[in-house]
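The values are calculated or read from the model by the stated rules, or taken from the named source; none is laboratory data. Fair warning: this is a prediction, and the values are worked out from it, not measured in the lab. Note that we place each Cβ from the backbone using ideal geometry, even for glycine, and neighbour counts take in every protein chain shown. What goes into the accessible areas is simple: the full protein's heavy atoms, side chains included, and nothing from ligands, DNA or RNA. Shrake-Rupley method; radii C 1.70, N 1.55, O 1.52, S 1.80 Å.
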2 protein chains.
Amino acid sequence: MPRLVMKFGGTSVADLDRIRNVARHVEREVKAGYDVAVVVSAMAGKTNELVAWCREASMIHDAREYDAVVASGEQVTAGLLAIVLQSIGIPARSWQGWQIPIETSGAHGSARILGIDGSKISAHFEERREVAVVAGFQGVHAPTGRIATLGRGGSDTSAVALAAALEAERCDIYTDVDGVYTTDPRIVSKAKRLDKVSYEEMLEMASLGAKVLQVRSVELAMLYGVKTYVRSSFDDPTDPKPGTLICDEEDIVEQQTVTGIAYSKDEAQITLRRVADTPGVAASIFVPLADAAINVDMIIQVVSRDHATTDITFTVPAGDYARARTLLEELQPKIGYESLEGATDVVKVSAIGVGMRSHAGVAAKAFKALADKGVNIRAITTSEIKFSMLIDAAYTELAVRTLHSLYGLDAA
Amino acid sequence: MPRLVMKFGGTSVADLDRIRNVARHVEREVKAGYDVAVVVSAMAGKTNELVAWCREASMIHDAREYDAVVASGEQVTAGLLAIVLQSIGIPARSWQGWQIPIETSGAHGSARILGIDGSKISAHFEERREVAVVAGFQGVHAPTGRIATLGRGGSDTSAVALAAALEAERCDIYTDVDGVYTTDPRIVSKAKRLDKVSYEEMLEMASLGAKVLQVRSVELAMLYGVKTYVRSSFDDPTDPKPGTLICDEEDIVEQQTVTGIAYSKDEAQITLRRVADTPGVAASIFVPLADAAINVDMIIQVVSRDHATTDITFTVPAGDYARARTLLEELQPKIGYESLEGATDVVKVSAIGVGMRSHAGVAAKAFKALADKGVNIRAITTSEIKFSMLIDAAYTELAVRTLHSLYGLDAA
């Protein structure tokens, strides 16, 4: 029998009515002839409740204990869905991470999946066509035998990794939207659902702010070639609508130059004025930031008129802004800059498309279009298949709409 | 280091404030020099929530899935208590049943503990004096690797079994009362806390309606000679008050004839009128009831005046009453009785004491005292260390108070 992995997030299993709806989606695929593994998240709100208790227990807490507490949420959903499936005549059983096992690293709270043993689930498929209901977001760290969680959104990763281990035909990610859009439909009403998007593009979109899939799950899907289908859990289970298939570039016939426009508000800008323009000065700034695990993204260096000093601008995640500022202020005597300026009311707008590889001047068009609308670009980064611009947050919607139209993405 | 097992029930860990209070009790024992294993229940109300979800999922549900869902409650408490202990500087880690492992039978929902491997916890005691916080009420069924629960109240059993496996000096059961009383203080204001009670007496008390400990846990304590101490979790952790020690009869110097008066409302009476007085008739009644797993307790047979028929009266648990009635009505043609009468407004009042072994006429005094107060006794059973009387429920308090005074149990 061909195999299918289906994944349902927290809002899709928020209560028993929603879980019954999930069971009907599973039933449809079982009847279509698939052996099915379903990966589930905790019921919406449950993870937050468990996290709040851990914080109430102690603001500083052992990540291993946090994991033991928080992983219970998925365990509950898996058992409940197995019960509901059985009640409609579908053989099913729940699996916790340690029972499969899903082996992870020991980085509790943000563990990585090291390997999944698909043999037990496969045996149950073959012996009795039993649906495997798998608790997402968790595994076991083998050397200690303790439960480790993958961090928020980790259930997507669980699903894709399980699909790879089971050699599933596809991994269907059911979510509260019906697919991947050319941009955020809340900003651009003419945004279109994409039928297909390549792994590379999806990876950029996820990294650049599109929240539909977790970055790590897209990386895994690309690495193992898992066809991943994003679709809505709110459809009628007997008549589901199409979603977005994430697949190899070669499987996409009609390739656009630009596939989507993403934006991320999770940015902060730091500018160091009049830094001594000497060899090693960049290292004196960026090595300490890297050591503090602060991810620097865009970097611009502008040589000042006196040719002896330079201004250096770069971006860090908004959550690391305060920490980065404090660190650089402490290092001021060592780096030797004159002043530090920061801004958090900035946004990064990006255009993504594998077609950029073969088309020159794609980004240049954007710079001109935005300039025409009076949008000031603070920084730019580019890669083979995307370019990003840092702008004032107030211009976010204008910039996104301008680019969406510019690259012909508006729906007819 | 001597070892101690401490067990805290649902009301003792109902919220983070209560869990912090538990941590202070643990801290006191650690400072007193014990290596401590703490067994915890789910936070009060949590098990009911999880059970309600299972029922909402399906009224008929797979007991293995029910166990996977319900066992999560204790896991959460164990993790939270470990976090709180660490926050006050006490090394601690949580253990789920499968991690120890606590091996159980495959009777999901009411599994029996088959064995506990204390070696891992012992190693942590020896290496780092780390408190083991153990999720009660659960274990793992080794052949399937699935979580099995021991049924309601099973955390007491977890604690006593763990104390046996770890060769603990004592097992302290913290509860919402401060010990075992001569009778229910809500009925008899002069009821006294017992300093000590023998395993045999406690077993009878638990079986006969005293709810302070689960029967199975007392059986285990007796079997393995685990000194079990019932005490209050609501005491000031720095100044705890005495409780009741359950121990060998030999360890109790001043033995009373009667130690306690118990009562149970969980009784129903069935009388079959004019049953043919022929060999095998008793079997025709009680074998089918036994096959239906209905526990028959008291049995009285009264030969009628015509010497050809007999009236048979017996009791069953109130929860099995309807089922027993239906079964016997179906069997009427085969048994051949004339009529069936039932009563659920009955109560079983019992007096327990190992001193009865060496004192004659203990029960006879009770029959006379109750007759003097106009209490009609419907049925009587006796054993070596207890006797029980079935009476009308309306006389419960009167009978309990009469017996409590009669055997000199009233506090001065």
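Entry comment: accessible area of chain B is 41 Å² per residue, from protein heavy atoms only and a probe of 1.4 Å. With everything on Cα atoms, drop me the angle between helix B:321-330 and the longest principal axis of chain B, reported from 0 to 90° to the nearest 10. Once rounded, one gets 40 degrees. For B:LYS46, the aspartates and glutamates whose Cα falls under 13 Å of its own Cα, not counting residues fewer than eight places away in the same chain, are A:GLU49, B:ASP15, B:GLU74. Computed about its Cα centre, the charge dipole of the range A:211-283 is approximately 540 debye, with only Lys, Arg, Asp and Glu carrying charge at their Cβ. Translational diffusion of chain B, estimated by Stokes-Einstein from the Kirkwood radius over alpha carbon pairs at 10 °C in a medium of 1.306 mPa s, is 68 µm² per second.
Across the cross-link table entries A:LYS120/B:LYS120; A:LYS334/A:LYS373; A:LYS120/B:LYS7; B:LYS192/B:LYS348; A:LYS31/A:LYS120, which are compared at the Cα atoms, the separations over 31 Å belong to A:LYS334/A:LYS373; A:LYS120/B:LYS7. In a DSSP loop and with at most 13 other Cβ atoms within 10 Å, the trypsin sites (Lys or Arg not before Pro) in the range A:173-204 are A:ARG186. Starting from the label point of B:VAL287 at 7 Å along Cα→Cβ, the same points in the other copies fall at 9.1 nm, in ascending order. The dipole here belongs to the range B:153-280: it is taken about the Cα centre, uses +1 on the Cβ of Lys and Arg and -1 on the Cβ of Asp and Glu, and is about 660 debye. Remark on A:THR228: its backbone amide H falls under 5 Å from those of A:CYS171, A:ILE246, a criterion applied only to residues 5 or more positions apart or on other chains, H modelled at 1.01 Å from N. Given in Å, the Rg to one decimal and the Dmax to the nearest whole number for the Cα atoms of the range B:281-356 are 14.2, 46.
Over all other residues within a Cβ to Cβ distance under 10 Å of A:ALA163, the charged ones net out to +1, with Lys and Arg as +1 and Asp and Glu as -1. Orientation-averaged projection of the protein assembly as shown equals 45.5 nm² [convex hull of Cα atoms, one quarter of hull surface area]. When the surface is traced with a 1.4 Å probe over the full set of protein chains, A:GLU74 keeps roughly 10 Å² accessible. As I understand it, the dipole of the range A:255-412 uses +1 on the Cβ of Lys and Arg and -1 on the Cβ of Asp and Glu, about the Cα centre. Which of A:VAL302, A:ALA318, A:GLN332 lies farthest toward its positive end? Value: A:VAL302. Using a Gaussian network model of chain B in which every pair of alpha carbons under 10 angstrom is joined by a spring, one finds that among B:LEU203, B:LEU390, B:LEU16 the greatest mean-square fluctuation is at B:LEU16. Each chain gives up part of its surface: B and A jointly bury about 3000 Å² of accessible area, both sides summed, for a 1.4 Å probe. Over the range B:3-249, Cα pairs under 8 Å with separation of 6+ residues give a relative contact order of 21 percent.
By the Kirkwood approach, averaging reciprocal distances over each pair of separate Cα atoms, the range B:3-249 gets a hydrodynamic radius of 18.0 Å.
Helix B:119-128 and the long axis of chain B differ in direction by around 40°, with both axes built from C-alpha atoms. Surface calculation, 1.4 Å probe, protein heavy atoms: A:THR257 sits at approximately 40 Å² accessible. Working note: Cα gyration tensor of the range B:105-222, eigenvalues times five, square-rooted, sorted largest first, giving semi-axes of 29, 18, 11 Å. For the rotation carrying B onto A, the chain B residue whose Cβ lies nearest the axis, with the distance in whole Å, reads B:SER72, 2. Peptide B:81-93 has a mean shielding of 4, counted as Cβ atoms of other protein chains within 10 Å of each residue's Cβ.
Dipole orientation for the range A:3-252: of the candidates A:TRP98, A:GLY45, A:ALA23, A:GLY45 has the Cα lying most toward the positive pole (charges on Cβ; Lys, Arg +1; Asp, Glu -1).
Between B:ALA111 and B:THR149, B:LEU150, B:GLY151, the built amide H atoms are under 5 Å apart, and every one of these is 5 or more places off in sequence or on another chain. The angle between the Cα long axis of helix B:362-372 and the main principal axis of chain B comes to about 60°, on a 0 to 90 degree scale. Across all directions, the average flat footprint of the convex hull enclosing the Cα atoms of the range B:1-90 is 6.3 nm². Taking the charge dipole of the range B:3-249 about its Cα centre, with +1 at Lys and Arg Cβ atoms and -1 at Asp and Glu Cβ atoms, the residue from B:VAL218, B:PRO240, B:ALA107 reaching farthest to the positive side is B:PRO240. A simple charge model with +1 on the Cβ of Lys and Arg, -1 on the Cβ of Asp and Glu and nothing else charged puts the dipole of the protein assembly as shown at about 680 debye relative to its Cα centre. Across the range B:138-231, Cα pairs under 8 Å and at least six residues apart give a relative contact order of 36 percent. Once the chain from A:ASP248 to A:LEU340 is taken as fully extended at 0.36 nm per residue, the excess over their C-alpha distance is 28.7 nm. Rounded to the nearest Hz, the phi-derived 3J(HN,Hα) couplings of the range B:3-18 under the Karplus curve 6.51 cos²θ - 1.76 cosθ + 1.60 (θ = phi - 60°) are 10, 9, 9, 10, 10, 10, x, x, 6, 6, 10, 5, 8, 5, 5, 5, where x marks glycine and proline. Backbone amide hydrogens, once placed in the peptide plane, bring B:VAL38 within less than 5 Å of B:MET6, B:ALA132, B:VAL133, B:VAL134, excluding anything fewer than 5 places away on its chain. Between copies, the label points of B:ALA322, set 7 Å from Cα on the Cα→Cβ line, lie 6.0 nm apart, reported in increasing order to one decimal in nanometres.
Placing a label point 7 Å from Cα along the Cα-to-Cβ direction at A:PHE367 gives distances to the equivalent points in the other copies of 10.9 nm, listed shortest first. Among A:ASP15, B:ASP172, the sequence by solvent-accessible area, most first, with a 1.4 Å probe is A:ASP15, B:ASP172.
Relative contact order for chain B: 14 percent, from Cα pairs under 8 Å spaced at least 6 residues apart, divided by residue count.
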